[in-house]
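Student: Once you've had a glance at the structure underneath, I'll fire off some questions.
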Amino acid sequence: MRILQISIALLAFSFVVSFFAAPVSAQEAKIRLGVGIVKVRSNGCVASLWALDLLPKVIVDNGIKSHLSDAISPSQINTKLMAAVVQGQLQAVESLIGQGVDIDAKSPKHECTALIWAITFKRRKIFERLLNAGADVNLTDGAGRTPLMMAALTGSLSIAQSLIGAGADVNMTQTGGVNEIGRTALLYAATKDENVNLLRLLVEKGALIDAVYEHGNSALIEAAKGGQLENVRYLLSAGANREVKNNAGESAIDTARSRRQQEVVEFLTNY
């Protein structure tokens, strides 16, 4: 995920540089950047990027407009239901469900769903309506991300609780994505600031605490890497193995040292 974040930043920078070479209005520059960001690569639903809160609101807003207007092809907001969800139109969602639309319809290629969009933008009432209408809580996007993984990314405890209550599998692993194969909801939750309550929920519901993804990082290593001290503290108290090493041969404390996360290093040294 960190590599993807860096790639996004570099792409954004390249867009800014190109604007100096070919002057355009500030508004046009924002629109172009909003369009460009969402075309980075085929890496599942772009909702997973927007859920990280890395991009300014104006860029996300322009990205939404680009998908709704089909300026992006293929659009990742390609059904009336998805459009209503993204725009927060509860009455329209109710009407469409009443008309019998396919709640689990996916966008072409990237495979976004209405439920994933509802979680991304924390549309709680719309999310509950989709859930009550029978939305598949384990239906993945094109990179294998589940709705529960999206809830973990956004730190949405109540949504995660509802998903698990409706049968979401806490140990489903991601099947695709850039440097993401094998990720679980717990691995995503560990990267979010002060996300202890969501981590606790997942562990109590049976999440494998020492599960690793393709680079060998466990939830503890992910939390240590990002300097998430409270997450590190909780995971250790819940029984996470501090001796797990990733593919680079680094344990949680090694990773914290290499990332200069001094608070985490001091805590792990004295634990």
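We did not get these values from a lab; they are worked out from the coordinates using the rules stated. Nothing here was measured: the structure is a model prediction, and the numbers come from that model. FYI the Cβ positions are ideal-geometry reconstructions off the backbone, even for glycines, and counts take in every protein chain you see.
Student: Which of the residues belonging to the range 41-78 are hydroxyl-bearing (Ser, Thr, Tyr) and in a helix (DSSP H, G or I)?
Tutor: Within the range 41-78, the subset hydroxyl-bearing (Ser, Thr, Tyr) is 42, 48, 66, 69, 73, 75.
Hits for the range 41-78 are 48, 66.
The rows are residues; the columns are (1) farther than 25 Å from residue 57 by Cβ; (2) in contact with a Cys (Cβ under 9 Å, 6 or more places away or on another chain).
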site: 71; (1), (2): no, no
site: 77; (1), (2): no, yes
site: 80; (1), (2): no, no
site: 92; (1), (2): no, no
site: 104; (1), (2): yes, no
site: 115; (1), (2): no, no
site: 118; (1), (2): no, no
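Student: Among 263, 180, 230, which is the only one that is crowded, with 22+ Cβ neighbours inside 10 Å and out of contact with any strand residue (DSSP E or B) (no Cβ under 7 Å at 6 or more places or on another chain)?
Tutor: Values: 263 fails: crowded, with 22+ Cβ neighbours inside 10 Å; 230 fails: crowded, with 22+ Cβ neighbours inside 10 Å.
None of the other options fit; the residue is 180.
Student: For the range 234-271, give me each residue that is over 19 Å from residue 186 (Cβ atoms), part of a helix (DSSP H, G or I) and free of Cβ contacts under 8 Å to residues at least 12 places away in the same chain.
Tutor: Within the range 234-271, 254, 257, 258, 262, 266, 270 meet the criteria.
Student: In the range 48-94, which residues are under 18 Å from residue 125 (Cβ atoms), touching a Lys or Arg at 6+ places or on another chain (Cβ under 9 Å) and among the small types (Gly, Ala, Ser)?
Tutor: 88, 92
Student: If we only count helices (runs of 4 or more DSSP H) wholly inside the range 134-207, which ones have 1 or more residues that are without any contact (Cβ under 8 Å) to a residue 24 or more places away in the chain?
Tutor: Working: elements: 147-154, 157-165, 185-189, 196-204.
Answer list for the range 134-207: 157-165, 196-204.
Residue by residue, here is whether (1) farther than 21 Å from residue 239 by Cα; (2) of a type in the set (Ser, Thr, Tyr) holds:
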{"position": "134", "(1), (2)": "yes, no"}
{"position": "142", "(1), (2)": "yes, no"}
{"position": "146", "(1), (2)": "yes, yes"}
{"position": "159", "(1), (2)": "yes, no"}
{"position": "165", "(1), (2)": "yes, no"}
{"position": "171", "(1), (2)": "no, no"}
{"position": "175", "(1), (2)": "yes, yes"}
{"position": "191", "(1), (2)": "no, yes"}
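Student: Scan the range 81-108 for residues that are part of a helix (DSSP H, G or I) and surrounded by fewer than 17 Cβ atoms within 10 Å (Cβ to Cβ) and report the count.
Tutor: Looking only at the range 81-108, we keep the residues that are part of a helix (DSSP H, G or I), and these are 81-86, 90-98.
Applying the additional criterion that residues be surrounded by fewer than 17 Cβ atoms within 10 Å (Cβ to Cβ) yields 90-92, 94-95, 98.
Final tally of qualifying residues: 6.
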